[in-house]
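Report on the following structure.
The values are calculated or read from the model by the stated rules, or taken from the named source; none is laboratory data. Note that this is a predicted model, so its numbers are computed, not measured. Cβ: placed from backbone, ideal geometry, glycine included. Neighbour counts: every protein chain shown. The protein model used for the area step is the full one, side chains on, heavy atoms only, and it has no ligands, DNA or RNA in it. Shrake-Rupley method; radii C 1.70, N 1.55, O 1.52, S 1.80 Å.
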Amino acid sequence: MDGRLLLVANSGSDTVSVVDLTLGTEMVAVPVGRDPRQIIVSQGGTEAYVVLWGAGCVSRLDLRPLRAGRPELVREVGRFSLGTGAHPCGMAVAPGGRCAVVACRSLGWVAVLDLHEERVLCRIEVPEGGGRSVAFIEDGEYALVTLERAGAVAVLDMLEMTLTRCIPVGPSPTGIAVDEEDGTVYCTLAPRSVAVVHLAGVDLSNEDGAPQYESLTVGAGPSSLCLAPLPSSIPWPV
């Protein structure tokens, strides 16, 4: 299928819409389960993973029919169950695509998924009732999870599958992003700021070393963020 497609999580109808951006129309609405939130497409574009807040699981969709021009055949083909009341809300796939980390807001742990074997690989305990968003750093060696209630970011060692430290960042961190070039971490904070955390020289495997912090003022109630690389030739207004 030519053109560009958009996947939209519809929390009110418990579906994922597949939208043809060239035609500007919804081609199909795929039932997935209660209250879908975040969507992540696999590196090869053959699958999508949908975080289901209300159903307490991650749904796996087969996207291969899109390549054959058969959007009506896109369907759910698997689920990773996280338990009733887990309220998963954030997910990130590690570089290489083998595993993913899911933050569950109502639990004292995050789930590590083995995407190849289609199972929950393990649970890593985190403080203060679970996490909100996930990002990877240092080629996937560590996962960072925002802990909204603790005002911190949990650092998870993905080789040992353990919590190594918690980095204080400020009130109610939610969204998180990592600059791949220099490892700088950005977290949205209440009521209207972004924490800029510099980890240069900080050993993430233990509590040694203190990060350097900056703060950016933004709009009220920031909840998520992402980095948008732009060419240096853009003629910014002066």
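Each label point was placed 7 Å from the Cα along the Cα-to-Cβ direction; for Ser42 and Arg119 their separation is 1.8 nm. For the stretch 169-205, backbone nitrogen atoms closer than 19 Å to the point 7 Å from Ala220 Cα along Cα-to-C-beta are found at 171-174, 188-194. Normalised per residue, the accessible area of the chain is 50 Å², obtained with a 1.4 Å probe and no contribution from ligands, DNA or RNA. The modelled label-to-label distance for the pair Asp62/Glu180, using points 7 Å beyond Cα in the direction of Cβ, is 3.0 nm.
Accessible surface of the stretch 1-118, 1.4 Å probe: 47 percent of it comes from carbon and sulfur atoms. Largest first, the extents of the alpha carbon coordinates of the stretch 83-224 on the three principal axes equal 42, 33, 23 Å. Every pair of different Cα atoms in the chain enters the Kirkwood calculation, which places the hydrodynamic radius at 18.8 Å. From helices alone, the chain scores 0 deg cm²/dmol at 222 nm; the rule is -39500 (n - 2.57) for each run of n ≥ 4 DSSP H residues, then divide by the residue total. Remark on the stretch 47-140: ratio of C-alpha radius of gyration to 2.2 N^0.38 Å is 1.13.
In percent, rounded to a whole number, the relative contact order of the stretch 73-143 is 28, using alpha-carbon pairs under 8 Å and six or more apart.
What is the chain's relative contact order, in percent, from Cα pairs under 8 angstrom and six or more apart in sequence? The value is 9 percent.
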